[in-house]
Amino acid sequence: MTNTNPNNSREWAEQAYALLKKRQEEKKEELQKQEEKKEELQKQEEKKEELFNNDNKENILQSELGEFDDNFTWSAMVLAAQGKKINQISIDEIDWLTKLRRGLEETRKGFVTELLDKLGDDPLTPESLDDLETLLLRADVGIDSTDKVISSLRTKLNEEVVGGEAGIKFLKKELKLIIDKPIKNSGIDLLVPQKGKLNVWLLVGVNGVGKTTTLGKLAYLSSRSNYKTLIAAADTFRAAAVEQLQVWGERSNVDVISNQSKNADPAAVVFDAINSAKKRNVDLLLVDTAGRLQTKNNLMDELAKIKKIIDKKVPDAIVESLLVLDASQGQNGLKQAKSFAKSANLSGAIITKLDGTSRGGVSLAVSEEVNLPIRFIGAGEGIKDLRPFNSYEFVEALLADK
């Protein structure tokens, strides 16, 4: 070391430092690249998972084209009769009509199939009208609706000979008139959220009719139709209702406003939901309410409290009170509709569980005896198995040939 030139030593040290510095920077860069690569791989995995989930959702949500069979032919003809062109028909529409026809099969078997078997190609007679009257009542079409249909048919029989096929055609027309009347009286053919204002739809009904599930399906339908949607979990009396709605919210990509605390105030949940809806410029706020009957005064008072909150917070909101009815309950469903109509200021009905029941005729009873427009119907358990009500499609499915 004694022979080392100080200047050379300094130069060497500087070079050594520079080398170490370079190595340090390279090490840092390498570590940074490793970290970035790790993050990138993680993002890719997350993206793959997201894509996988989305693909799964699409696979669940997208309908597949089935066989070219009677169901397809019938569904296509129903769409064509409504003015659809070949290039406008979607698999979704075919799938829905097929489900609707299948869903009303038990109701149809209850009177249409039996009626056709009795009639054959023979003209209608007073005796066959008596049979039809019995069959309609058995399908829970209701006394008033049945009387109106039979009376119209008797009048027609007095004027001309009516064959079996013509009789079915006339029956379709009469049933459609019954269903369409409250819809036309409401001034709204198709219930959809109005843009530029907050729309609040309250879902009411007794426990067990599928109220929460129906709201989840409505959220999906609304979101898919490009309406900004929010859910208020105001059924705080049933613990599982909040969790159930959160699952539906995730499936529909719709946020849920809730309060997990025990015995939370439903009106407070609605209050928070309205505040959130206003901040987010939401088009449709769907409110799940506790199952109730008019005899449960505390629950009916709670519903009135919710409405007061809405009126105070958003006086210009468009509010709809929709009664959810289980078609399989038949005349009990009709009684519920009459009770709620007196105390809940209803603006429409949603008929659920049409699939697998022989009592689908209750839809006509609700229209005629309660003057309540049917807004949506459900014919299956899937997220897409709830659709806006179409009287033509309903009657065609109800009276479809064997």
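Some notes on this structure:
- Each residue of the stretch 65-76 was assigned a 3J(HN,Hα) from its phi angle through the Karplus curve 6.51 cos²θ - 1.76 cosθ + 1.60 (θ = phi - 60°); the sequence is 6, x, 6, 7, 10, 4, 4, 5, 4, 4, 4, 5 Hz, with glycine and proline shown as x.
- Annotation for the stretch 298-402: GluC sites (Glu not before Pro) lying in DSSP loop with at most 11 further Cβ atoms inside 10 Å of their Cβ are E381.
- Annotation: amide H-H contacts under 5 Å for D355 (H modelled 1.01 Å from N, sequence separation of 5 or more, or interchain): G380.
- Spin-label model distance (nm) - L41 vs K262, 7 Å beyond Cα toward Cβ: 4.8 nm
- Normalised contact order of the stretch 230-347, rounded percent, pairs of Cα under 8 Å and 6 or more residues apart: 26 percent
- The residues of the stretch 196-335 expose, per residue, 43 Å² of accessible area to a 1.4 Å probe.
- The C-alpha radius of gyration of the stretch 181-241, expressed as a fraction of 2.2 N^0.38 Å, stands at 1.30.
- For the stretch 255-402, the equivalent ellipsoid built from the Cα gyration tensor has semi-axes of 30, 18, 14 Å, listed from largest to smallest.
- Applying both filters, DSSP loop and at most 10 other Cβ atoms within 10 Å, to the trypsin sites (Lys or Arg not before Pro) of the stretch 228-312 gives K262.
- The stretch 94-198: C-alpha pair distances exceeding 24 Å, %: 35 percent
- Our Cα-only numbers for the stretch 320-380 put the radius of gyration and Dmax at 10.3, 31 Å.
- Flagged links, alpha-carbon separation over 25 Å, of K109/K342; K195/K335; K109/K169; K308/K338; K184/K313: K109/K342; K195/K335; K184/K313
- The simple Förster model, with R0 at 56 Å and r as the Cβ-Cβ distance, assigns V161 and Q32 a FRET efficiency of 0.05.
- Computed over Cα pairs, the Kirkwood radius of the stretch 179-311 leads via Stokes-Einstein (1.002 mPa s, 20 °C) to a diffusion coefficient of 141 µm² per second.
The values are calculated or read from the model by the stated rules, or taken from the named source; none is laboratory data. Small disclaimer: the values here were computed from a predicted structure and weren't measured. Note that each Cβ is placed from the backbone with ideal geometry, even for glycine, and that neighbours are counted across all protein chains shown. Surface areas here come from the heavy atoms of the whole protein model, side chains and all, with no ligands, DNA or RNA. Shrake-Rupley method; radii C 1.70, N 1.55, O 1.52, S 1.80 Å.
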